[in-house]
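The values are calculated or read from the model by the stated rules, or taken from the named source; none is laboratory data. All of these numbers come straight from a predicted model, not from anything done at the bench. For neighbour counting, all protein chains shown are included, and Cβ atoms are generated from backbone atoms with ideal geometry for every residue, glycine included. Accessible surface is based on the protein model in full, side chains and every heavy atom, while ligands, DNA and RNA are left aside. Shrake-Rupley method; radii C 1.70, N 1.55, O 1.52, S 1.80 Å.
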Amino acid sequence: MMDYKKAGVDIEAGYKSVELMKEYVKGTMRPEVLGGIGGFSGAFSMAAFKGMEEPTLLSGTDGVGTKLKLAFLMDKHDTVGIDCVAMCVNDVACAGGEPLFFLDYIACGKNVPEKIATIVKGVADGCNQSGSALIGGETAEMPGFYPEDEYDLAGFAVGIVDKKDLITGENLASGDVLIGMASSGVHSNGFSLVRKVFEKEMTSQGLNTYYEELGTTLGEALIAPTKIYVKALRSVKDAGVTIKACSHITGGGFYENVPRMLKDGVRAVIKKDSYPIPPIFGLLAKKGQIEEKMMYNTYNMGLGMILAVHPDDVDKTMEAIRAAGEAPYVVGSVESGEKGVALC
């Protein structure tokens with residue numbers, strides 16, 4: 001007699017993982033969430049949009065990428081969910097939006113309920129850091145498609161902004177100041193290159209090796225969760241500052257992401273020595289013999305978010321970011337010229 005369990009899918013394990021994750025999910029609820037956990041779709045009241053002139057929805061979707069390979073090797077699954085949320089909500093926030101809710105998707109070779117619940121705990125942590133409600137998700141057990149001890153994790157965020165508050169870069173002017181917010185390290189991009197450079201170290205023992213220059217083990221430095229900048233950006237807005245342009249520094253580093261915040265006719269000039277670069281990037285460049293331009297074209301190099309403000313608003317912006325618990329640096333300026341970024 002064949003059944004689904006013999007085919008490798010354990011429905012009971014699915015029920016158990018839902019039960020285990022419920023307590024984490026509950027902690028992310030917002031008053032707009034309607035209905036309990038476990039329905040076919042997540043319901044969210046639109047009452048909060050009523051005060052807006054032109055309510056505009058923003059969305060973002062992303063995964064964690066090959067950083068997950070580290071989680072497998074280290075058997076550490078409680079922070080990759082933060083990465084997943086961060087990659088989505090930071091995109092929503094850098095357009096001026098307030099993330100409202102999040103959905104996650106986990107596909108695995110074998111559903112180990114405790115492990116799935118740990119992953120979801122990380123997702124819930126990220127949701128709490130960004131003020132998003134975790135209103136739904138999916139765990140797909142896919143035997144024969146993923147190895148038993150591996151999984152993939154992706155997510156989707158929806159946010160709201162009044163159209164007049166969208167951050168578009170259209171009012172950028174020469175003389176505007178660029179402020180960067182410190183990253184926690186590599187965040188969640190460029191891990192295929194990281195894994196290539198540290199190929200020999202990609203074992204549980206290698207990742208557990210302490211590096212003097214890092215002040216931590218290699219694994220801890222690399223798996224540090226992506227910073228979520230939602231509260232810092234909200235703090236700047238609440239301080240009455242108009243953020244003229246904003247860029248989330250993800251895959252493609254400075255060269256790909258900074259131009260996305262610019263309009264035609266202006267360029268960004270960033271001073272490389274204006275902020276501290278986390279030691280993991282120095283180690284990576286040295287060990288992999290990666291040239292500097294390629295580093296800035298792949299990684300955040302210590303800045304996870306860059307925003308442009310009027311010179312008169314610099315002090316207020318720095319203060320608001322610090323008040324939200326992030327580290328801000330004046331990193332450059334906007335000049336007239338061909339759209340692009342110059343590092344000096």
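What to note about this one:
- Among residues of region 1-30 that are over 30 Å from residue 157 (Cα atoms), those with a beta-carbon under 8 Å from a residue that is open to solvent by 70 Å² or more (accessible area, probe 1.4 Å) and outside any helix (DSSP H, G or I) at least six positions away or on a different chain give the pairs 8/110; 8/144.
Residue by residue, here is whether (1) in the same structural domain as residue 135 (by the TED database); (2) closer than 13 Å to residue 119 by Cβ; (3) aliphatic (A, V, I, L, M); (4) open to solvent by less than 40 Å² (accessible area, probe 1.4 Å) holds:
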position: 51; (1), (2), (3), (4): yes, no, no, no
position: 60; (1), (2), (3), (4): yes, no, no, yes
position: 76; (1), (2), (3), (4): yes, yes, no, no
position: 82; (1), (2), (3), (4): yes, yes, yes, yes
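- Qualifying position, being crowded, with 20+ Cβ neighbours inside 10 Å and either farther than 30 Å from residue 336 by Cα or over 22 Å from the mean Cα position of the chain (by Cα) (or both), among 174, 188: 188
- Yes/no for residue 24 being part of a helix (DSSP H, G or I), more than 16 Å from the chain's Cα centre (by Cα) and exposed (fewer than 15 other Cβ atoms within 10 Å of the Cβ): no
- Some residue of region 218-228 being within 28 Å of residue 322 (Cα to Cα), among the β-branched types (Val, Ile, Thr) and outside any loop (DSSP other than H, G, I, E, B): yes
- Test: residue in region 308-321 that is part of a strand (DSSP E or B) and not assigned by the TED database to the domain that holds residue 67: yes
- Evaluation of residue 145 against (1) touching a residue at least 40 places away in the same chain (Cβ under 8 Å); (2) surrounded by fewer than 17 Cβ atoms within 10 Å (Cβ to Cβ); (3) on the phi < 0 side of the Ramachandran plot (one fails), failing number: (1)
- Applying the condition of being of a type in the set (Asp, Glu) and assigned to a strand (DSSP E or B) to region 84-110 and asking which residue is most open to solvent (accessible area, probe 1.4 Å) yields 98.
- Some residue of region 28-48 being touching a Leu at 6+ places or on another chain (Cβ under 8 Å), closer than 14 Å to residue 130 by Cβ and either at pLDDT below 90 or not in a helix (DSSP H, G or I) (or both): yes
- Qualifying residue in region 236-248 (condition: closer than 16 Å to residue 343 by Cβ, crowded, with 18+ Cβ neighbours inside 10 Å and in the same structural domain as residue 301 (by the TED database)): yes
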